[in-house]
Every structure is written in C-alpha cells, then in structure tokens.
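One structure is given below, encoded as structure tokens.
Please treat every number below as a calculation from the coordinates, not as lab data. Worth saying up front: this structure is predicted, and the values here are computed from it rather than measured. No Cβ is skipped: glycine too gets one built from the backbone with ideal geometry, and neighbour counts run over all protein chains shown.
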Amino acid sequence: MKLGIIFSALAIAGASLTAPAQAQSSYPSRPIKLVVPFPPGGTTDVLARTIADPLGKLLKQTVVVENRNGAAGRIGSEYVIRADPDGYTLGIATVSSHAVTPVVYDNISYDVTRDLAPITKLASVPNVLTIGPKVPASDMASFVKLLKDKPNVYTYGSAGAGSEANMMGELFKLSTGTEMMHVPYRGSSPALQDALGGQIAAVFDNLPSSLPFIRSGDLKALAVAYPQRLNALPDVPTFAEVGLPDVNDASWFGLVAPRNTPPAVVEQIYQAVAQVLAMPDVKEKLAGFSAVPVGNPPAEFAEQLKAEIDKQRATAKRAHISLK
C-alpha cells in the first residue's frame, strides 16, 4: 500500500513538472494578439500588418493586429505589460513609445526594461530633416548659419511633444548650438502641411511620410539619419556627413512580450519572425515605406533598447524636457 502511494506521488510530481513544457511545446494553440500603440494607418501600424499575416501562417495561428493608441503610446504599452505572459499578447515597440515616453513623462507606472521581454528589432527606418520652400537656406551649413544669426525666429514641427521627432529636434539644437521654437502637432502630416505653407520652417520626421514631399520638390531634405546615404535620396547627406553624428540615429520598430513570458516561447516567436523578415515579398513591402528588416536575437535587442532609453534620458535632461 505504501509503495502504491509513493508511485502515485511520483506520477503527480512528474505530471506537474512536464505540464509547462507541454504547454510551451503546443504554442501557439489559439490566435495571437499584436498590439500597436498608435492609430491605424501610420508607419507602426503598416509594419505590424505587413508581418502579421506571414507570421500567422508560419505559426499556424491567426495574428490579430489591435490598435490601442493614446497617451503617447502608454495605453498600448501598459496593455501588453499587464497581459498574461503566455505569448498570446505581443506588442510593437518604437523609439517614441518605449524609449522617449518613459523618460519624458513624470507619471509612468512601469519600467520598459523590467516589465517587458524584448524579442527582436523588426526594422529600422531613416529619419529626415526637411525645410519649407520659404526658408532661405540651401544646405545644412546655410540653415545652421541662419538659425545662429536669428535665434528663436524660426520654428520646427514634430509629430508631438515628447515624440521621437521632438527629441531629435532638441538634440539637433544642442549639437549645433542653435535655437528654434518647437511646435508640436498631432502627427507628422499637419506639420508637413504647415512647412509647405510657411507657418513653420522645418520638420523632423520619419522618412516615409516626408518622402513624397521631398520627391515632389515641395520640401527640401537637408540630411537623413541613417548609417549611409539612401538609394531613394542619393544626393542627401547623412547627419554624420554634415558633422552631426549624435543626430544620425534611425528610427526603429521592435517586438516585445510581457515580462516572464517563457524563454522557449520568446525564442520560438523570434525564430518565426526572423523567417518572416527574410521573405522577399516582406522585404519588398517594407522597402515600400523605407523600412529595412533587422531580426536580431532577443539579447541583442534588449541591449539596444536599454541603450536607446539611456540616450533619450540624457537628451531629455540636457534639453530640460519633462511632461505630465
């Protein structure tokens, strides 16, 4: 009888030990939610939808894109952080929502590096500085001279207070020793329209939304933030080429999961996403909005995320940016 009890206890213990492994090996067994912290139609949303369908086919489950926008990306970020760490809720991370917002807003209740499990950097996208047709400058040198000759006369627009573009503008000012007033907009589109109309002088922006205006000649690109010149704009120098290496950082988009998501699940998602990013049709779609696929390992992306947060924190401190 005692022997039977011992065998029963061992069987129960064995079942409890193998249950998590079995649960992970059966992942995914239901649809996966991919949370975008911004509205539909923007670069972040388009990128998410570009990878969702092929990722779902690889994992043999539907990947549903869900937009939870608002509060500079906080609503979407908090939703992912509070989700069950089971691999069925993933989030798109951006420089604005996951590196800038946490350091410029006073009332953030979470820590990105503590509360999220980085999976991979999905893609990088160049940033660009453009000026309107009424600005009397032909290149970066003449624009910087103009700003130094007339401090705080000219203005620049961004997609919003505390956005990545706002931080880029402030870093530009710090790096060049110039003064421009910042005009925050709700998105880059109205900022670009006001630059066209002469209401503001310049716009810091992701390249995809600015590129049509540059190609049409309505706005002039002074520099792009990217490691090398772009095929789409071969005559436009990088910020590094014009002596501003600190401003030469591209935007990026990553994939994250809630903290404590099983490492095996994180690895499985990473491997699947890496395959998706290597697909020729996905590369072609990403290239359509100037995005370059990355797909690096979780540990490497975690280091890059931390470095980005540290850089944005330093810029916010130097520029005295603090929002409520």
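Along the positive direction of the dipole of segment 127-247 (beta-carbon charges: Lys, Arg +1; Asp, Glu -1; about the Cα centre), which of F239, L211, P151 reaches farthest?
The residue sitting most towards the positive pole is P151.
Using alpha-carbon pairs under 8 Å, 6+ residues apart, how would you state the relative contact order of the chain in percent?
25
For n ≥ 4 DSSP H runs only, could you compute -39500 (n - 2.57) per run for the chain, divide by its residues and tell me the 222 nm figure to the nearest 500?
Counting only the DSSP helices, I get -14000 deg cm²/dmol.
Roughly how many debye, to the nearest 20, is the charge dipole of segment 183-236 about its Cα centre, given +1 on each Lys and Arg Cβ, -1 on each Asp and Glu Cβ, and no other charges?
In debye, rounded to 20, segment 183-236 gives about 80.
Size of the dipole of segment 127-247 about the Cα centre, Lys and Arg at +1 and Asp and Glu at -1 on the beta carbon, nothing else charged, in debye to 20?
Value, rounded to 20: 180 debye.
Based on DSSP H assignment, which helices of the chain show an axial Cα extent of at least 15 Å together with a mean Kyte-Doolittle hydropathy greater than or equal to 0.5?
2-25, 263-277
Taking the chain as a Gaussian network, where each spring joins two C-alpha atoms under 10 Å apart, which residue of P28, P212, P54 fluctuates the most?
Greatest mean-square fluctuation among the candidates belongs to P212.
Could you check what % of the DSSP bridge pairs in the chain are antiparallel, to the nearest 5?
DSSP beta bridges in the chain are roughly 60 percent antiparallel.
Assign unit charges at the C-beta atoms only (+1 for Lys and Arg, -1 for Asp and Glu), then state the dipole size of the chain relative to its Cα centre in Debye, rounded to the nearest 20.
For the chain, the charge dipole is close to 380 debye.
Specify whether the C-alpha gyration tensor of segment 182-244 places it in the rounded, prolate or oblate class, a ≥ b ≥ c being the square roots of the eigenvalues: rounded for a/c under 1.5, otherwise prolate if a/b is larger than b/c and oblate if not.
Since a/c reaches 1.5 and a/b is larger than b/c, the shape of segment 182-244 is classed as prolate.
Quick query: amide H of S251 versus all other amide H atoms, modeled in the peptide plane; which residues come in under 5 Å with a sequence gap of 5 or more or a different chain?
Result for S251 returns V125, N127.
Tally the DSSP beta bridges in segment 127-247 and give the antiparallel ones as a percent, rounded to 5.
Approximately 60 percent, going by the DSSP bridge assignments.
Once Cα extents along the principal axes in Å is worked out from the coordinates, which option in (1) 101, 50, 42; (2) 55, 47, 37; (3) 95, 41, 30 does it equal?
Entry (3).
How many Lys pairs in segment 111-270 lie less than 14 angstrom apart by Cα atoms, where the lysines are 8 or more positions apart or on different chains?
Counting lysine pairs in segment 111-270 gives 4.
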